[in-house]
Amino acid sequence: METVANPMAHAHAWPVIALDHVSKIYGQGEAEVKALDDVSLTIDHGDFVAIIGASGSGKSTMMNIIGALDAPTLGTFHLDGIDTNSMDEYQLAQIRNRKIGFVFQNFNLIPRTRAVENVAMPLAYAGVHRADRRERALAVLESVGLGSRARHLPSQLSGGQQQRVAIARALVTHPVLLLADEPTGALDSKASHEILDLFDTLHAQGRTVVMITHEASVAERASRLVHMRDGHIIADERLRELPTTQLEVSL
């Protein structure tokens, strides 16, 4: 299958995501299941890609490999030019912390911890000084419209606000990739639109966004749509052209 080109790719020496003939196989013999079957996919810097498919299509397995949460059985995966295949668990954890910002369906916030401390958590793992962690966390909360909610607990925030905190936490390490797994799945329609508008804004700032979803209306907000079925990519289409220039990321 022909790879969809990104006009921004010339500005970088390598893509954010490069899967080359990747398979993920579970079981053996008659019990063997190929969750991914010889999949190749390239995602360049500055793209906004939705990976869509029904349950069992392989999209969750794809997300786990792209997120360096699981390793391919066959094939290679390069994240921002780095070959992950030979990495051990510690090295994978390090690259996840430095390169990827995760956004989950159920927010995954620490319940008894204030918003600013939730956002600062990845910086603690990265060894950033406490005062710097707080300053950066406050700045990124302000950027997603929650500067006034920095000291609120998750229970004091709406679902949409909790997801904004989760997005702020994903952004605070300046990752090369924002990886969102069903990011509107736990939200009502109004909050869903607001979160998708925020992704649009982040993309316009030059961020690379990959969103996993089963909802066509959500997937259509992306610039590029990758359809999966039975462990295969069955279609890879550009919904809208990317701008030839994008704003500098300011965070």
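Structure above, values below:
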item	result
Where labels lie 7 Å past Cα in the beta-carbon direction, separation of SER148 and GLN91 in nm	4.9
Centroid-to-centroid separation of region 58-87 and region 159-198 [C-alpha atoms, Å]	23
Helix-only CD estimate at 222 nm, as mean residue ellipticity for the chain, using -39500 (n - 2.57) per DSSP H run (n ≥ 4)	-9500 deg cm²/dmol
Relative intensity, log₁₀ I(q)/I(0), of region 37-101 from a Debye sum that treats every alpha carbon as a point, q = 0.13, 0.24 Å⁻¹	-0.37, -1.23
Contact order normalised by residue count of the chain, Cα under 8 Å, 6+ apart, percent	27
Lysine pairs with alpha-carbon atoms under 22 Å apart, the chain, spacing 8 or more or separate chains	4
Rg/Rg_ref, the chain, where Rg_ref = 2.2 N^0.38 Å and atoms are Cα	0.99
Per residue, the convex hull volume that the Cα atoms of region 106-236 enclose (Å³)	120
Range of Cα positions in region 1-127 per principal axis (Å), largest first	48, 42, 30
Gain in span if fully extended, ALA131 to ARG240, counting 0.36 nm per residue against the direct Cα distance	35.1 nm
Theoretical FRET efficiency, 1/(1+(r/R0)^6), r = Cβ-Cβ of ASN108 and GLU30, R0 45 Å, to 0.05	0.75
Computed lengthening from ALA204 to THR73, 0.36 nm per intervening residue step minus Cα-Cα distance	43.6 nm
Difference of contour (0.36 nm per residue) and Cα-Cα distance, HIS174 to ARG229	16.6 nm
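Where a number appears in this text, it was derived from the coordinates with a stated rule and is not lab data. The structure presented is a predicted model; accordingly, all values stated were derived computationally and were not measured. A quick note on method: Cβ atoms are made from the backbone with ideal geometry, for glycine too, and the neighbour counts reach across all protein chains shown.
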